[in-house]
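Structure first, then comments.
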Amino acid sequence: MCGIVGYVGSRRVVPVVLEGLKRLEYRGYDSAGIVYLQDGVLEKHRSEGKLQNLENILGDAIGAPSHIGLGHTRWATHGAPTTENAHPHSDCSGELVVVHNGIIENYHSLRGELQEKGHRFASETDTEVLAHLIEEYLDGDLREAVTKALARVEGSYALGVLWTGMPDTLIAARNHSPLVLGVHDEEGTFMASDVPPLLPYTDKVIFLDDQELAVLRADSQSIYSLKSGKEVEKEVKTIAWNSAMAEKGGYKHFMLKEIFEQPQAIIDTVSGRINPETGSVDLPEMNLSDQDLAGIERIFLVACGTSWHAALVTKYWIERWAGIPVEVDIASEFRYRKLLINDRVLTVAISQSGETADTLAGIRLAKELGSRIVTICNVVGSTMTREAHGTIYTHAGPEIGVASTKAFTSQLAALFLFTLFLAEKRGTMPPEKRLQLGRELIALAGVIEEELPVLQAEIRELIENYYDSRDFLFVGRGLNFPIALEGALKLKEISYIHAEGYASGELKHGPIALIDKEMPILALTPRDAVYQKSISNVEEIKARQGRLILIGTRGDGHLKTITDDVIYLPAVHEELNPILYTIPAQLLAYEIASRRGCDVDQPRNLAKSVTVE
Ligand code: AGP
């Protein structure tokens, strides 16, 4: 997915934009470019591959005495990742440039129309159409020209525009692709696809909504509705993330930093939301009244990837403790099945980024069908949080590594709170039970904090026998089945080892055919309600010489009679095992990928947030 950074202000623009693009590298890209205005001329530099290539061709231009410009990292969707296709793209005159995230779905017809009018195209991209379309409507007023051009466009865009005719102005516009403004009295005005590029300069941000356009100058920002053309008032939010939080903090990779940030992320997500004396849960931003709640007969949980695994765990929790039927859907499937949804259904979208296209489309559909929408999200002001009726924010801080870690365990913490909230409102859990579980959730962060360094050392040693495996199986039962799926996803997405997660009981229905003395199998076997069944499954694997790694409860000596490779975890309330048992699975994936020399934070082919379908 692409990244945009724009700036107009007192600083020299090239270093600001370049540093900002570096902070967006996690989004995944395969070419980059920058443009700035100097002495009335637009200086454009573009390159294939990583930002270092762009820096190399910039040379002395890094110090250019310009104070307005745009930058872009492109993840190819239309047209190969070449320099010609890299953004920014220009109109025929070369006096207007655009950078763009998203997909212009009707670019073919627009391109044909513009070519008939004599416009000459230099790239294969859909984005270049925007430059020529704006040029077509340009008659002295850039805002008017961009507004008219976007009225012709179908599809998604986060857009930055710069024109020599208005040398002190940037135009920003968004529709179904995130764009955030940074504002600061002295520093000037920033625009970016996400928050990290803004953090070194300001914590004051404005999130653009769909169909909004902003006119940006060093000392002012005016925002307009593209539909009505009228100026709109927008709230300036304060981001509680400092710049350091978005840096690696001394860790080798963002992912490792974020694994170790999980105790704090859980504490920050839970604190202030649960009364440690009564266990009563307070989630005001969810905007769900007792009356709304009383009308709910079913809950749909909708998500993708790791967030979908959080949904699978939550089904167990809600059905057991709140007594409400729960359906779980992968968002990309949810949209294409016959949905029996009405106003007695609550749809909960789970998303770290709040921008995942499939999940976003799912909640829009559910909303149309009458469902109330709540989102569990980690990014303040992201699209999902503004389209849902209510939100439960995870407070994990910026998650830069493509593989989700702290956002996942924070989602589980938030969803456990949600379960306690539902149980309290429906009177399905005795207050003393709620108090006990609430206290155990709060205490869990300390348990994880204590275990992390020990686990990392054990697992770093353990993987020497496994890092060169070709395949891996993860198995778990009940609440830990989704964690087996999550462990497999973590390993495959950062180490490129083929890994599969299965319900332990499912092995004998096919996967056991894979077991031989080469095949590593990680089994989650805590002392819980399904322990004996899990051990029986593990014995089946052992009987076929499978290479077993067991993760179980400290003190369970029986596990050592099955295999030497046992990772022990402290006993916690079994309802909270999914959060605790995720940690070794994350560390296993991280240590193996790191040992294999993989690009842990930016795995090949992946983006941090999939904002295209
Ligand atoms: C998880 O490690 C992956 N990066 C991916 O599966 C991710 O969970 C999925 O794309 C959903 O993203 P979201 O939570 O931002 O919606």
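The values are calculated or read from the model by the stated rules, or taken from the named source; none is laboratory data. This one's a predicted model, so the numbers in the text were calculated from it and none came from an experiment. Neighbour counts are summed over all protein chains in view; Cβ atoms, including those assigned to glycine, are modelled from backbone coordinates with ideal geometry. Surface accessibility is based on the protein's heavy atoms, side chains included, excluding ligands, DNA and RNA. Shrake-Rupley method; radii C 1.70, N 1.55, O 1.52, S 1.80 Å.
Every helix of 4 or more DSSP H residues in the chain counts as -39500 (n - 2.57), and over all residues that averages to -10500 deg cm²/dmol at 222 nm. Computed about the Cα centre, the dipole magnitude for segment 216-279 is approximately 280 debye when only Lys and Arg (+1) and Asp and Glu (-1) carry charge, each at its Cβ. Computed log10 I(q)/I(0) for segment 440-495 at 0.13, 0.16, 0.19, 0.23 Å⁻¹: -0.47, -0.70, -0.93, -1.12, from the Debye equation with unit scatterers placed on every C-alpha and solvent omitted. Kirkwood hydrodynamic radius computed over segment 298-404 comes to 13.6 Å, based on all pairs of distinct alpha carbons. If R0 is 56 Å, the Cβ-Cβ spacing of Lys517 and Ala76 corresponds to a FRET efficiency of close to 0.85. Take the Kirkwood radius over Cα pairs of segment 5-102, plug it into Stokes-Einstein at 37 °C and 0.692 mPa s, and you get 248 µm²/s for translational diffusion. Helices assigned as whole DSSP H runs in the chain whose Cα atoms extend at least 18 Å along their own long axis and whose mean Kyte-Doolittle hydropathy is 0.5 or higher are found at 406-426, 481-495. Listed by chain and number, the lysines whose C-alpha is less than 16 Å from the C-alpha of Lys204, apart from same-chain residues fewer than 8 away, are Lys234, Lys237. Where q = 0.18, 0.19 Å⁻¹, what log10 of I(q)/I(0) comes from the Debye formula for segment 157-262, counting one point per Cα? So the normalised log intensities are -0.88, -0.95.
The relative contact order of the chain comes to 12 percent, based on Cα pairs under 8 Å that sit 6 or more residues apart.
Projecting the Cα atoms of Ser594, Thr561, Ala607 onto the charge dipole of segment 557-613, computed from C-beta unit charges around the Cα centre, puts Ser594 farthest toward the positive end. On segment 452-604, 49 percent of the accessible area sits on carbon and sulfur atoms, based on a 1.4 Å probe. Using alpha carbons only, the radius of gyration of segment 483-541 set against its Kirkwood radius gives Rg/Rh = 0.97. For segment 173-230, the relative contact order works out to 35 percent when only alpha carbon pairs closer than 8 Å and six or more residues apart are counted. Here's how it looks for Ile392: its modeled amide H is under 5 Å from those of Thr375, Ile376, Cys377, which are all 5 or more places away or on a different chain.
The label-point distance for Val236 and Glu540, in a model that sets each label 7 Å from Cα toward Cβ, rounds to 6.2 nm. Compactness of segment 220-260 was expressed as the Cα radius of gyration divided by 2.2 N^0.38 Å, which yields 2.03.
Length gained on full extension, Tyr467 to Lys227: 80.9 nm, using 0.36 nm per residue less the C-alpha separation. On a full-extension model of 0.36 nm per residue, what is the gain between Arg11 and His498, subtracting their alpha-carbon distance, rounded to one decimal in nm? So the chain would gain 170.6 nm between Arg11 and His498. Over all directions, the projected convex hull of the C-alpha atoms in segment 40-175 averages 7.8 nm² in area. Between Gln532 and Asp564, the modelled label-to-label distance comes to 3.2 nm, taking each label 7 Å out from Cα in the direction of the beta carbon. Of all lysines in the structure, those lying under 19 Å Cα to Cα from Lys22, and not within fewer than 8 positions of it along the same chain, are Lys44, Lys50, Lys248, Lys252, Lys257, Lys608. Using the Karplus relation 6.51 cos²θ - 1.76 cosθ + 1.60 with θ = phi - 60°, the per-residue 3J(HN,Hα) values for segment 250-261 come to x, 7, 5, 9, 4, 4, 5, 4, 6, 5, 7, 7 Hz, with x marking Gly and Pro. Across all C-alpha atoms in the chain, the radius of gyration and Dmax reach 25.5, 80 Å. Per residue, the Cα convex hull of segment 83-238 amounts to 109 Å³. Distance between the 7 Å Cα→Cβ label points at Arg298 and Glu105: 2.7 nm. Candidates Ala173, Thr419, Cys2 compared by Cα position along the dipole of the chain: farthest toward the positive end lies Thr419, with charges placed on Cβ. The stretch between Arg460 and Glu144, if pulled fully straight at 0.36 nm per residue, gains 107.9 nm over its current Cα-Cα span. Per residue, segment 1-136 exposes 35 Å² of accessible surface when a 1.4 Å probe is rolled over the protein heavy atoms with every protein chain present.
Each part gets one Cα centre, and for segment 231-285 versus segment 425-439 those centres are 25 Å apart. Using Cα positions and a limit of under 19 Å, work out the aspartates and glutamates in reach of Lys517, with same-chain residues fewer than 8 apart set aside. Within reach: Glu464, Asp468, Asp471, Glu500, Glu539, Glu540, Asp564, Asp565.
Remark on segment 572-613: Rg and Dmax equal 14.4, 40 Å (Cα only). Can you work out the base-10 log of I(q)/I(0) for segment 408-529 at q = 0.10, 0.16 1/Å, using the Debye formula on its C-alpha atoms alone? With no solvent term, the Cα-only Debye profile gives -0.44, -0.95.
With all pairs of separate Cα atoms included, segment 401-471 yields a Kirkwood hydrodynamic radius of 15.0 Å. Where both bridge residues fall in the chain, DSSP classifies roughly 60% of the beta bridges as antiparallel. Against the empirical 2.2 N^0.38 Å (N residues), segment 472-613 has a Cα radius of gyration ratio of 1.05. On the beta carbon distance between Lys433 and Ser271, with R0 = 30 Å, the FRET formula returns roughly 0.90.
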